[in-house]
Amino acid sequence: MVCLMASEKIVAILLAAGKGERMGPMAVPKQYAKFNNKRLLSHTINAFINHKKINHIIVAIRPEDKRLFQETITEIDHPHAQNIQLVVGGKERQNSVYNALEALQEFNPKYVLIHDGVRPFVSHLLINRIIDGLQKHNGVIPVLPITDSIKRVSNGIVAGSVSRSELYVAQTPQGFSYQNILMCHRLVRFSNHSDDSSVMESYSLPIFTVPGDPKNIKITNEEDLEKFKEVSYINS
Ligand code: CTP
Ligand code: MG
């Protein structure tokens, strides 16, 4: 992290206020699971705190996870680790993002990169692609083409095939100009959106895409956690 002119400030919003229900029973929510002596969330924070263009980090957590979060911070070897801002998350991911956006009003960044705390393999190259895209567009998201055949299924029976030529998987970090995404989130408080691109799309604002990264997986279920262990051992 470095200090830049106020007009260029870029903030990473890291979401870590989920319960990880799809993981099944665990001692701690998945973002605090430990591998190679580090919690999953500290791998994610490390990627952003060590990126030269990120000026500030805010993390959305559950109030009951405060102690786990403090332990996570102790794993981060960076002079700005203590400057990470905390915000209480909400019931849904969208509510957590909203709380973080409101909490950034005083800091008033130019751009925000909104990222799932449970995507620990986010690379600097991917972060750069998003930041570069923001020089020309108000919204930039990483996407991956779909390679498998896609079927519509009803009651266990194939109801049709869907052409995949226009279908992509959206990843995070998703980058936006702060004022735009704050305004859009304020306007969609009472409808449900699975990501921030969808929040902005609902106001017909164009979103630019850049190539995502197949390694930038989201840890959702137990199999993902096994994949994470394999990759984190390889990288250690
Ligand atoms: N998240 C959040 N606030 C919520 C829900 C989710 O900050 N109310 C965060 C999660 O901590 C995670 C990211 O959003 O880093 C992506 O969400 P997901 O993978 O769905 O995580 P969980 O909601 O924790 O898992 P589940 O849906 O299985 O309960
Ligand atoms: Mg969830």
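The values are calculated or read from the model by the stated rules, or taken from the named source; none is laboratory data. Note that this is a predicted model, so its numbers are computed, not measured. Heads up, the Cβs are rebuilt from the backbone with ideal geometry, glycines too, and the neighbour counts pull from every protein chain shown.
Here Asp148 does not fit the description of being among the acidic types (Asp, Glu) and within 25 Å of Asn192 (Cβ to Cβ).
With the condition being over 17 Å from the mean Cα position of the chain (by Cα), I'd like the helices (runs of 4 or more DSSP H) fully within region 159-236 carrying at least 2 qualifying residues. Before the answer, list the steps.
Details: elements: 178-187, 196-201, 222-235.
So the answer is 178-187, 222-235.
Quick one: is Gly133 at pLDDT 95 or above, more than 14 Å from Gln31 (Cα to Cα) and away from ligand 1 (no atom under 14 Å from the Cβ)?
Details: at pLDDT 95 or above: yes; more than 14 Å from Gln31 (Cα to Cα): yes; away from ligand 1 (no atom under 14 Å from the Cβ): yes.
Judged against the criteria, Gly133 is a match.
Please verify whether Pro25 is closer than 16 Å to Thr220 by Cα and assigned to a loop (DSSP other than H, G, I, E, B), treating the condition exactly as stated. Step through it out loud before you land on a result.
On the way: closer than 16 Å to Thr220 by Cα: yes; assigned to a loop (DSSP other than H, G, I, E, B): yes.
So Pro25 fits the description; yes.
Within region 59-73, residues that are within 15 Å of Lys34 (Cα to Cα) reach partners that are basic (Lys, Arg) with beta carbons closer than 6 Å, at six or more positions or on different chains, in the pairs Thr72/Arg39. Within region 161-183, the set of residues being farther than 15 Å from Ala100 by Cβ, among the hydroxyl-bearing types (Ser, Thr, Tyr) and surrounded by 12 or more Cβ atoms within 10 Å (Cβ to Cβ) comprises Tyr168, Ser177.
Filtering region 59-76 for residues that are under 23 Å from Pro109 (Cβ atoms) and aromatic (Phe, Trp, Tyr) leaves a non-empty set. For region 19-29, the candidate set comprises residues that are within 11 Å of ligand 2 (Cβ to nearest atom) and not hydrophobic (A, V, I, L, M, F, W, C); within that set, the residue that is surrounded by the fewest Cβ atoms within 10 Å (Cβ to Cβ) is Glu21. Pairs linking a residue in region 123-148 that is on the phi < 0 side of the Ramachandran plot to a residue that is assigned to a helix (DSSP H, G or I) and among the small types (Gly, Ala, Ser), with Cβ atoms under 7 Å and 6 or more positions apart or on different chains, are Gly139/Ser197; Val140/Gly133; Ile141/Ser197.
Here Pro145 fulfils each of the conditions (1) within 18 Å of the chain's Cα centre (by Cα); (2) more than 24 Å from Tyr98 (Cβ to Cβ) apart from (1). Within region 1-19, take every residue that is at pLDDT below 95 and in a loop (DSSP other than H, G, I, E, B) and give me the one that is nearest to Ile73 (Cα to Cα). Within region 1-19, the match that is nearest to Ile73 (Cα to Cα) is Met1.
When you go through Phe121, Phe35, Phe107 one by one, which is the residue that is within 13 Å of the chain's Cα centre (by Cα) and among the aromatic types (Phe, Trp, Tyr)? Outline the logic, then answer.
Values: Phe35 fails: within 13 Å of the chain's Cα centre (by Cα); Phe107 fails: within 13 Å of the chain's Cα centre (by Cα).
Criteria check complete, one pass: Phe121.
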